Amino acid sequence: MMNTIQPKSVGGFSLIELLVVLVILGMIAGLVVPNIMGRSEDAKARTAVAEIQRLSMAVDEFYLDTGRAPRELRELVEEPSGVSNWNGPYVNNSNLNDPWQNAYQYRYPGEHRDFDLFSYGADGSPGGEGAAKDVANWEQ
């Protein structure tokens, strides 16, 4: 007599169960992802405000050390010729770009303060709303 071995039933998910789970995950992702994306741009705007404050302090420190304001932001990183008592670099080269990888704008003498320091925001052009709004040292 032949002894037949019955295979154990293999537990698993049916195709319907897998599709239901995928639909639920898709619905959750549809609700969560837009909220995360919006917060990313808000975080970049807050970072730009903090970096402008930091750069403003570096400009002030440059002024205290050298007796004059920098003519361009690059002077915070690289010692300009003809300047005495330069104790830099005052910031890293990477600090000269905003969170959207555009160069911070610097104007000396400034139109709003002794010097104007600003970012054009996410769109890289003047004006805008939301993440595209300009961030400036005279608005803080």
Please find, among Val59, Val83, the residue that is in a loop (DSSP other than H, G, I, E, B), surrounded by 10 or more Cβ atoms within 10 Å (Cβ to Cβ), modelled with pLDDT of 85 or more and at negative phi.
Val83
Any residue in region 54-77 that's within 14 Å of Asp114 (Cβ to Cβ): show its pairings with residues that are charged (D, E, K, R) and buried (at least 20 other Cβ atoms within 10 Å of the Cβ) at Cβ separation under 8 Å, as long as the two are six or more apart or on different chains.
Phe62/Glu75
Identify, please: which residue in region 86-100 is not in a helix (DSSP H, G or I) and not polar (S, T, N, Q) and is, among those, farthest from Thr47 (Cα to Cα)?
Trp86
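Every residue, every condition in (1) modelled with pLDDT under 75; (2) surrounded by 10 or more Cβ atoms within 10 Å (Cβ to Cβ); (3) under 30 Å from Pro99 (Cβ atoms), yes or no:
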{"site": "Lys8", "(1), (2), (3)": "yes, no, no"}
{"site": "Val21", "(1), (2), (3)": "no, yes, no"}
{"site": "Leu25", "(1), (2), (3)": "no, yes, no"}
{"site": "Ala29", "(1), (2), (3)": "no, yes, yes"}
{"site": "Asp42", "(1), (2), (3)": "no, yes, yes"}
{"site": "Thr47", "(1), (2), (3)": "no, yes, yes"}
{"site": "Arg54", "(1), (2), (3)": "no, yes, yes"}
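Quick check: is even one residue across region 41-64 of a type in the set (D, E, K, R) and touching a strand residue (DSSP E or B) at 6+ places or on another chain (Cβ under 7 Å)?
Initially, region 41-64 is screened for residues of a type in the set (D, E, K, R), giving 41-42, 44, 46, 51, 54, 60-61.
With touching a strand residue (DSSP E or B) at 6+ places or on another chain (Cβ under 7 Å) added as a condition, the list becomes none.
Scanning region 41-64 turns up no residue that is of a type in the set (D, E, K, R) and touching a strand residue (DSSP E or B) at 6+ places or on another chain (Cβ under 7 Å).
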Might you let me know whether region 68-77 holds any residue that is closer than 30 Å to Glu139 by Cα, modelled with pLDDT under 85 and not in a helix (DSSP H, G or I)?
no
For region 116-127, pairs from a residue that is farther than 13 Å from Asp98 by Cα to a residue that is surrounded by fewer than 16 Cβ atoms within 10 Å (Cβ to Cβ) and among the basic types (Lys, Arg), with Cβ under 6 Å and 6 or more apart or across chains, are Asp116/Arg107
Of the residues in region 114-131, those that are crowded, with 18+ Cβ neighbours inside 10 Å and either within 25 Å of Ala69 (Cα to Cα) or of a type in the set (Val, Ile, Thr) (or both) come to Phe115, Leu117, Phe118, Ser119, Tyr120, Gly121
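The values are calculated or read from the model by the stated rules, or taken from the named source; none is laboratory data. Since we're looking at a predicted model, the values are computed, not measured. Methodologically, a virtual Cβ is constructed for each residue, glycine included, from the backbone with ideal geometry; neighbour enumeration extends over all protein chains shown.
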